[in-house]
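Just below is one structure, and these are the notes that go with it.
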Amino acid sequence: MKTDPKDKLIVALDVPTFEEARQLVDILKGAVDIFKIGSQLFTACGPVVVRHVLANGKKVFLDLKYHDIPHTVANAVAAAVSLGQLGHDVLAPGKKQKSLTNGLFMLTVHTLGGEEMLEQAVASATQTAQDIGVTKPFILGITVLTSEEKKNNIHSIVLERAHLAKKCGLDGVVASSQEASILRQEFGSDFIVVTPGIRPSGKEAGDQKRITTPAEAINNGSDYLVIGRPIVEDKDPLQAAKNILQEIKQTNR
Ligand code: C5P
């Protein structure tokens, strides 16, 4: 059965202030169900933005790409999972919407952190979710950042890091569309592939190197597309999101 295109689109709220994030969520909430909060926005305004998105009934992908000693990452992951519990009590009760998730939807750790760090991240997420009664978020491993693009054996590096992620109990990885089909072949359908670097035809590549269109990424086997600037910086973000959803709908997955 084909999935609703809305379940495949993640909009990156890469804006500098809470106010801009709030406006974007208001503009997009009729069409978009999943929002990514990354280091820029989280550093600027902190947990309040996570709670705001959850209180609007939307899913949160907290993309802070944890990479530190295992003990610190385990504690950071516990704190992140706990944010999911707070989301529902913040706005005025009359404004509360039924949330699409009981807790955060996804969060990221860096596979370069190594086996012990990844295992402790998963154990901490599982334990915290159980302790506070929320669903454990999907824990995703970052494989290769755009800044590592100069290496020429990128496919094998991604594959090696994805194997480590799987072995340590992660739910999936973040990887470019170009590796999505290899990952799909290697791991089957039971491993999430999230793909950034998506550019609808006619859009600027910006600093993204291995870019593909939304349809190519989905046809290559990506489960979720992370899209920031092509939506956030468009003069009509809602129409830009709708165009992308339409393109996803025309794929055969
Ligand atoms: O604006 P754009 O669509 O390029 O946004 C891409 C988003 O995906 C950013 O929030 C960025 O942090 C994230 N990302 C990436 N490349 C990776 C991993 C994550 O661009 N390898």
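The values are calculated or read from the model by the stated rules, or taken from the named source; none is laboratory data. Note that the structure is a prediction, hence the values are computed from the model and not measured. Neighbour counts are summed over all protein chains in view; Cβ atoms, including those assigned to glycine, are modelled from backbone coordinates with ideal geometry. What goes into the accessible areas is simple: the full protein's heavy atoms, side chains included, and nothing from ligands, DNA or RNA. Shrake-Rupley method; radii C 1.70, N 1.55, O 1.52, S 1.80 Å.
If you roll a 1.4 Å probe over the chain with all protein chains in place, what percent of the accessible area is carbon or sulfur?
Of all accessible area on the chain, carbon and sulfur atoms account for 51 percent.
Working from the alpha-carbon coordinates of region 3-67, get Rg over Rh, Rh being the Kirkwood radius.
Rounded to two decimals, Rg over Rh is 0.95.
Could you do me a favour and compute the accessible area per residue for the chain, 1.4 Å probe, result in Å²?
Per residue, the chain has 45 Å² of solvent-accessible surface.
Hey, can you grab everything whose amide H is under 5 Å from the amide H of residue 66? Only 5+ residues off in sequence or another chain; H modelled, so Pro and N-termini drop out.
It is 108, 109, 110, by chain and number.
Quick one: of 65/235; 8/58; 58/235; 36/249, which pairs are farther than 18 Å apart, Cα to Cα?
Listed pairs above 18 Å: 65/235; 58/235; 36/249.
Considering only 127, 155, 201, whose Cα is most displaced toward the positive end of the charge dipole of region 98-205, charges sitting on Cβ of Lys, Arg (+1) and Asp, Glu (-1)?
201
Quote the charge dipole size of region 12-64 about the Cα centre in Debye, to the nearest 20; the model charges only the Cβ of Lys and Arg (+1) and of Asp and Glu (-1).
So the dipole magnitude of region 12-64 works out to roughly 200 debye.
Let me know the charge dipole size of region 97-149 about its Cα centre in debye, to the nearest 20, where only the beta-carbon of Lys, Arg (+1) and Asp, Glu (-1) is charged.
Around 420 debye, computed over region 97-149.
Show that you can apply the helix-only estimate: for the chain, add -39,500 (n - 2.57) for every DSSP H stretch of four or more residues, divide by all residues, and state [θ] at 222 nm to the nearest 500.
The per-residue figure over the chain is -13500 deg cm²/dmol.
Ordering 110, 155 from largest to smallest accessible area (1.4 angstrom probe), what's the sequence?
From most accessible down to least: 155, 110.
Which value, in debye to the nearest 20, describes the size of the charge dipole of the chain about its Cα centre when Lys and Arg Cβ atoms bear +1, Asp and Glu Cβ atoms bear -1, and nothing else is charged?
So the dipole magnitude of the chain works out to roughly 620 debye.
Report the Stokes-Einstein translational diffusion coefficient (µm² s⁻¹, integer) for the chain, Rh taken as the Kirkwood radius over Cα pairs, at 37 °C with viscosity 0.692 mPa s.
180 µm²/s
Ignoring everything but the protein chains, give the 1.4 Å probe accessible area of residue 115 in square angstrom, nearest 10.
Result for residue 115: roughly 80 Å² accessible.
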